[in-house]
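Right, one structure below, let's go through it.
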Amino acid sequence: MQLLIADLHLQPSQPDIAKGFIDYLRGPVRQASSLTILGDLFEAWIGDDYRGEFEQRIIAELKACAEAGTRLAFMHGNRDFLIGEAFAADSGCALLDDPTVVELGGQRVLLMHGDSLCTRDEAYMAFRRQARDPAWQAQILAMPVDERKALARKLREQSGEANTNKAEDIMDVTPEAVIETMQAHDVSVMIHGHTHRPAVHELNVGGEPGKRYVIGDWRPGTGWQLRVDDDGLTLKSFPI
Ligand code: LP5
Ligand code: MN
């Protein structure tokens with residue numbers, strides 16, 4: 001059995017969600033052969049060299065889970081794109097490229113965070129290009145921690161303001177981008193998070209049936225997972 005999750009947005013101010021995740025790691029995940037995290041595990045990540053008590057605790061729980069035998073994989077989201085090799089080594093998570101094709105339940109499946117499919121959101125696409133530029137990242141990581149914390153806060157404020165002025169559909173994936181990306185990777189199944197719109201979408205991929213699974217975000221009281229077992233792929237929420 002394999003598990004996939006996304007968009008936990010873990011942060012010290014939401015201890016219930018963090019507790020829900022720790023219980024999940026200590027419980028159901030121990031029965032799984034793998035846990036794949038499709039981005040935005042953290043609300044914000046300002047560099048592997050900054051670890052507060054909160055971050056250290058999550059890393060230790062991930063590591064314990066990896067050592068107990070579950071394969072852990074992590075893909076960057078738009079909040080934790082600065083996670084690097086040090087986090088990977090300390091948490092026992094393998095870093096996955098976005099996108100990555102894997103075999104799940106006997107078929108080729110495309111895994112993504114999902115933000116790169118929101119191509120109509122031009123302001124975000126511009127921000128993303130900058131945020132994923134290695135030169136920009138190096139410059140950011142060279143800043144003192146306090147300045148990085150302040151910048152992360154400012155970016156979150158600006159993002160929140162920008163989002164209140166955006167049409168809802170702009171912040172969802174572009175249907176044509178989904179089909180093009182699936183065809184480019186020769187898959188009929190895609191799994192992603194980011195949009196916080198959990199659903200299983202039936203698709204027509206160049207005349208063939210396809211599916212797009214959107215994993216939901218975790219909130220107080222509710223977690224989301226995609227479970228892969230002998231019954232196939234099952235998207236489900238559960239109480240935390
Ligand atoms: O995140 P959310 O849900 O609010 O909205 C996202 C898109 N926004 C983002 C931006 C992030 O929230 C920023 C926070 C990152 C925290 C960690 C950063 C660590 C690095 C820096 C500090 C060390 O991803 C939002 C989408 C929405 O998803 C739906 O898809 O619409 O996109 C935007 O809001 C982008 C805005 O439209 C424009 C962004 C304004 C930022 C201005 C750039 C100035 C750069 C200054 C650098 C010095
Ligand atoms: Mn996201």
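The values are calculated or read from the model by the stated rules, or taken from the named source; none is laboratory data. What you are looking at is a predicted structure, and each value in this text was computed from that prediction instead of being measured. Using ideal geometry, Cβ is built from the backbone for each residue, glycine included, and neighbour counts are taken over all protein chains shown. Only protein heavy atoms, including side chains, enter the accessible area calculation; ligands, DNA and RNA are left aside. Shrake-Rupley method; radii C 1.70, N 1.55, O 1.52, S 1.80 Å.
Share of antiparallel DSSP beta bridges in the chain, in percent to the nearest 5?
55 percent
Using only alpha-carbon positions, what ratio does the radius of gyration of region 154-197 give when scaled by 2.2 N^0.38 Å?
Rounded to two decimals, the normalised Rg is 1.50.
Please list, ordered by chain and number, the residues whose modelled amide H lies under 5 Å from the amide H of GLY114; skip anything fewer than 5 residues away on the same chain.
Here GLY193 satisfy the definition.
Please give the length that would be gained between ALA68 and ILE170 if that part of the chain were fully extended, namely 0.36 nm times their separation in residues minus their C-alpha to C-alpha distance (nm, one decimal).
Extending this stretch completely gives an extra 32.5 nm.
Kindly report the accessible area of the chain per residue (heavy atoms of protein chains, probe 1.4 Å, no ligands, DNA or RNA), in Å².
Heavy-atom accessible area per residue stands at 48 Å².
For region 60-69, what does the Karplus curve 6.51 cos²θ - 1.76 cosθ + 1.60, with θ = phi - 60°, yield as ³J(HN,Hα) per residue in whole Hz, taken in order and with x for Gly and Pro?
5, 5, 5, 4, 4, 5, 4, 5, 7, x
Tell me the net charge near PRO15. Cut-off is 13 Å between Cβ atoms, PRO15 excluded, with +1 for each Lys or Arg and -1 for each Asp or Glu.
-2
Read phi for every residue in region 130-146 and hand back ³J(HN,Hα) as whole Hz from Karplus 6.51 cos²θ - 1.76 cosθ + 1.60, θ = phi - 60°, with x for Gly and Pro.
5, 5, 8, 7, x, 5, 5, 4, 5, 5, 5, 5, 7, 6, x, 3, 4
Of all the Cα-Cα pairs you can form in the chain, what percent are over 31 Å apart?
That tail contains 21 percent of the Cα-Cα pairs.
Would you calculate, for the chain, the mean residue ellipticity at 222 nm contributed by helices, counting each DSSP H stretch of 4 or more residues as -39,500 (n - 2.57) and dividing by all residues, to the nearest 500?
The helix contribution divided over the chain gives -10500 deg cm²/dmol.
Just the number, please: carbon plus sulfur as a percent of the accessible area of the chain, 1.4 Å probe, no ligands or DNA/RNA counted.
Accessible surface attributable to carbon and sulfur in the chain totals 48 percent.
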